[in-house]
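Chemist: Mind looking over this structure? Questions follow.
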Ligand code: FAD
């Protein structure tokens, strides 16, 4: 069975027995990618259960260096998570709820250690929000069953998406693999189930005695860095100021975006130098903000309660946030995308290049294509890249350099502060044409045209490619071809590592060959 079905069957098989379990001394919420107190379903249910019986609620988070390694989590993202945990500990502390953070080196040891902790605390109930990556689903299904063997009820609840995977099927009862009809169905589903946008209260305050009973948990420190995911002092300083942590920060950012930028989002979102997007992806990825809260806030800035009507900016932004749901649905339904396989099996036979010099030039922003280089330098410096640029840089790697898109997917995960498997895999599949609802393989972004269209004045390029700072006018888009070669050369900016026309032809014939087409 698919891992999601196995988890669902573990939950339904054990439901009766779980319901029979009496609340003992504590209820625990296991935080993962949901590092917030507001509008958090698992945490909310855990709090209700604890309140009903007058027992304390405990928050738990397991830091696993091996887990971060396996997920290719970028050091900047790990740092963001650790800083967020500090804020979450403080926020929960105000409610007398301890957040206990323990480091467990091996990921396989996590379930066993959680069971030990639950027994030590006399906890009878464990809550968590479901994550849709294969390993996580498998682990959760196992945990539901092994908790029960110890007389503990575990509930894994769907929370990360506005509409949970499995809720939407096409007229023929199948999972959608094309975004547009899926989005129509998604909006219709939300319109007819308005409770889906009801926001959940933060947890209630714990009994005062919990401070004393769990004093050790309150005092326990959160690690400030991990050996395998360390930042330099300079990087740390930069990222702390670029990506302030915590859910209040997410709410402030959301509010500001809705008040100031959402009206022009549709018009400006594709222009990287305009900073017209929300920059909330880091908060969605770590769960400091729920997608529900975001959609709800956007809707409240519209003239209608409909998600696909009213102001253009609001509608467009909602449809972008919905892409996040879409890719999680894909992951839950077609788990093989987690296993290094293209969504479309016919793309397995493309013969990729593994040119390490080209790959290094792409990673370091030295391809000689200013827009691609500016994009990669933004990623390397900020742990973030604008969406339009992610498409340009990904397409360039897969199509111009013909390098296996999985190498780019991996590099992005290793550097993004908002690295999220489903969205990253979906974005790479889209750009390389190997994924779900991709751009057609014969559509090959021309980096020059993209540059002239989306960074017409070269403002973004000049910001990131210092060697070209002094280049005037349109030459910024292709310095060597438009008379700024000597200046570019003097400053050490490289010439193009591949020719556009030749790469385009090579790409078309290689894709056709792989697909067995004439
Ligand atoms: P906004 O434009 O303000 O959009 C709001 C939110 O909608 C985003 O925060 C994000 O949660 C969601 N969203 C917007 N566009 C997309 C999209 N195409 N796919 C999925 N969700 C979307 N997004 C990630 O969160 N993590 C990733 O690892 C990631 N990797 C990507 C890799 C590639 C090759 C591509 C093409 C896209 C990738 N995206 C990823 C999607 C998108 O680029 C980012 O979500 C967006 O740039 C984040 O900036 P923002 O928060 O200002 O977005």
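Chemist: When ranked by the protection proxy of mean other Cβ atoms within 10 Å per residue, highest first, what sequence do the peptides 73-82, 305-314 form?
Modeler: My ranking of the peptides, most packed first, is 73-82, 305-314.
Chemist: Classify region 1-104: rounded, prolate or oblate, from the alpha-carbon gyration tensor (a ≥ b ≥ c, eigenvalue square roots; a/c under 1.5 rounded; otherwise prolate if a/b is larger than b/c)?
Modeler: oblate
Chemist: Same structure, new question: Put a dot 7 Å past each Cα toward the Cβ at residue 109 and residue 184; how far apart are the dots in nm?
Modeler: Result for the modelled spin labels: 5.4 nm.
Chemist: So what is Rg over Rh here for region 214-262, counting just Cα atoms and using Kirkwood for Rh?
Modeler: 1.15
Chemist: Output the Cα-based Rg and Dmax of region 1-50 in Å, rounding Rg to one decimal and Dmax to a whole number.
Modeler: Over region 1-50's Cα set, Rg and Dmax evaluate to 13.2, 36 Å.
Chemist: Using only Cα atoms and rounding to the nearest 10 degrees, what angle (0 to 90) does helix 179-192 make with the longest principal axis of the chain?
Modeler: 30
Chemist: Pairs of Cα atoms under 8 Å, at least six residues apart: use those to get the relative contact order of region 47-191, whole percent.
Modeler: Result for region 47-191 is 18 percent.
Chemist: So, one more: Using 0.36 nm per residue of separation minus the Cα-Cα distance, give me the extension gain between residue 255 and residue 481 in nm, one decimal.
Modeler: The span from residue 255 to residue 481 would gain 76.9 nm if fully extended.
Chemist: Once you sort the root eigenvalues of the Cα gyration tensor of region 440-518 as a ≥ b ≥ c, which label holds: rounded (a/c under 1.5), prolate (a/b larger than b/c) or oblate (the other case)?
Modeler: Because a/c hits 1.5 or more and a/b exceeds b/c, region 440-518 counts as prolate.
Chemist: I've got another one for you. Using 0.36 nm per residue, how much length does the chain from residue 2 to residue 235 gain when fully extended, once their Cα-Cα distance is taken away?
Modeler: Full-extension gain reported as 79.8 nm.
Chemist: Rounded, prolate or oblate for region 22-170? Axes are the square roots of the Cα gyration tensor eigenvalues, ordered a ≥ b ≥ c, and the cut-off for rounded is a/c under 1.5.
Modeler: rounded
Chemist: Another question, then. Compute the angle between helix 370-382 and the longest alpha-carbon principal axis of the chain, please, reported from 0 to 90 degrees and rounded to the nearest 10.
Modeler: 30
Chemist: Can you bin every Cα-Cα distance in region 120-205 into 5 Å intervals starting at zero and give me the percent of pairs per bin, rounded to whole numbers?
Modeler: The calculated distribution, bin by bin, is 3, 11, 16, 17, 16, 16, 11, 6, 4, 1, 0.
Chemist: Follow-up. I need the calculated FRET efficiency for the pair residue 349 and residue 215, taking r as the beta carbon distance and R₀ as 51 Å, to the nearest 0.05.
Modeler: The formula returns an efficiency of 0.25 here.
Chemist: What is the calculated FRET efficiency for residue 9 to residue 502, with r their C-beta to C-beta distance and R₀ = 41 Å, to the nearest 0.05?
Modeler: Efficiency for this residue pair is about 0.15.
Chemist: Using the Kirkwood radius built from alpha carbon pairs, what does the Stokes-Einstein equation give as D for region 368-481 at 25 °C and 0.890 mPa s, in µm² per second?
Modeler: Taking Rh from Cα pairs, D becomes 171 µm²/s.
Chemist: Next question. Take the Cα of residue 515, step 7 Å along the line toward its Cβ, and report every residue of region 306-344 whose backbone nitrogen sits under 18 Å from that point.
Modeler: Inside the label zone: 342-344.
Chemist: Looking at the chain, I'd like the Rg to Rh ratio, where Rg is from alpha-carbon atoms and Rh is Kirkwood's inverse mean 1/r.
Modeler: So for the chain, dividing Rg by the Kirkwood Rh gives 0.99.
Chemist: Sticking with this one: Given 0.36 nm per residue, what is the gain on full extension from residue 194 to residue 208 after removing their alpha carbon distance, in nm?
Modeler: Stretched out fully, the residue 194 to residue 208 stretch lengthens by 1.4 nm.
Chemist: Can you figure out the FRET efficiency of residue 356 with residue 449, using R₀ = 30 Å and their beta-carbon distance, to the nearest 0.05?
Modeler: So, using R0 = 30 Å, E works out to roughly 0.55.
Chemist: In degrees, nearest 10, range 0 to 90: what is the angle between the Cα axis of helix 110-121 and the longest Cα principal axis of the chain?
Modeler: Its long axis makes an angle of about 30 degrees.
Laboratory data are not the source of any read-out in this text; all were calculated from the coordinates shown. On a predicted model such as this, the values are computed, not experimentally measured, just so you know. Backbone-built Cβ (ideal geometry, glycine too); neighbour counts: all protein chains shown.
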